[in-house]
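Quick notes on the structure that follows.
The values are calculated or read from the model by the stated rules, or taken from the named source; none is laboratory data. Just so it is clear, the structure is predicted and the values come from calculations on it, not from any experiment. Counting neighbours? That spans all protein chains shown, and the Cβs are built from the backbone with ideal geometry, glycine included. Ligands, DNA and RNA are excluded from the accessible area calculation, which covers all protein heavy atoms including side chains. Shrake-Rupley method; radii C 1.70, N 1.55, O 1.52, S 1.80 Å.
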Amino acid sequence: ALDKQIPIGGGLGGGSSDAATTLLACNRLWEAGCTREQLAQLALQLWADVPFFVFGRNAYATGIGEALQPLQLPAQSFVVVAPPATVATRDIFADPDLTRETKPFKIDGLWRGRLGIYSGRNDLEPVVVRRFPAVAAALAALKESAVAAGMDPALVRMSGSGACVFAPAPSASLAERIAMDVLRCQVGTVRVADGLFEHPLGSRQVG
């Protein structure tokens, strides 16, 4: 049985993490003895970001998501807003307005030292915002609340191909403060989640 808390079409990797967890669990239950690298090769046949969850820790991904480099992240909390929208990844990637020749970030280009938080850019965000007003409203409300709490609005972004949007915060108390402010805007379900340094199953499932 699976009690799924991550919204479908939310861009949070719920389906991919389920798939990766199934591979890790089967490897243990069946005593298959697969290495993490072997499981990652199987994972890539399922979906591009499944290898990330098999990798089991924070990482910088290149290629189609299979080339992973360990990334040391500071402890942080996240405000996550799930607007009333379901976004199909396939449709967003097929949109003719999607930017396809963006210069990639380097790892050191992601660091925002003042807050001790990694930043970045999501080229899918403008497409989703244009097509889904509910996502645009959630993103605007979260940015406004983050700015009111003294945070850089550039840190507020859409997750994956949407529809969820998020803001990283250096402390749980600041995240809770932002979340309470966003709740008043009634733009979707709001939650605060702590970041993880590694997959909950850790390295116990592989040789």
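For the reader, a short list of remarks on this structure follows.
- Total residues in segment 131-189, condition within 30 Å of P96 (Cβ to Cβ) and assigned to a helix (DSSP H, G or I): 15
- Residue pairs whose Cβ atoms lie under 6 Å apart, sitting 6 or more positions apart in sequence or on different chains, and linking a residue in segment 9-22 that is without any contact (Cβ under 8 Å) to a residue 24 or more places away in the chain to a partner that is of a type in the set (A, V, I, L, M), are G14/I6.
- L42 at pLDDT 90 or above, open to solvent by 60 Å² or more (accessible area, probe 1.4 Å), farther than 27 Å from R157 by Cα and more than 15 Å from the chain's Cα centre (by Cα): yes
- Hey, A25 closer than 19 Å to E198 by Cα and open to solvent by 30 Å² or more (accessible area, probe 1.4 Å) or not: yes
- Restricting the first member to segment 82-94 and to residues that are free of Cβ contacts under 8 Å to residues at least 24 places away in the same chain, and the second to residues that are assigned to a helix (DSSP H, G or I), no beta-carbon pair is closer than 6 Å while six or more apart or on different chains.
- Within segment 157-186, residues that are among the acidic types (D, E) sit with their Cβ atoms under 9 Å from residues that are part of a loop (DSSP other than H, G, I, E, B), at 6+ positions apart or across chains, in these pairs: D181/A149.
- Filter result for A61 (open to solvent by 40 Å² or more (accessible area, probe 1.4 Å), modelled with pLDDT under 90, within 30 Å of C26 (Cβ to Cβ) and small (G, A, S)): yes
- Scanning segment 160-192 for residues that are among the hydroxyl-bearing types (S, T, Y), more than 21 Å from E125 (Cα to Cα) and open to solvent by 50 Å² or more (accessible area, probe 1.4 Å) yields one hit, S173.
- Lone qualifier among P84, P96 - being touching a helix residue (DSSP H, G or I) at 6+ places or on another chain (Cβ under 9 Å), open to solvent by 40 Å² or more (accessible area, probe 1.4 Å) and modelled with pLDDT of 85 or more: P84
- Index of the failed condition, K4 passing every other in (1) part of a helix (DSSP H, G or I); (2) in contact with a Gly (Cβ under 7 Å, 6 or more places away or on another chain); (3) among the basic types (K, R): (1)
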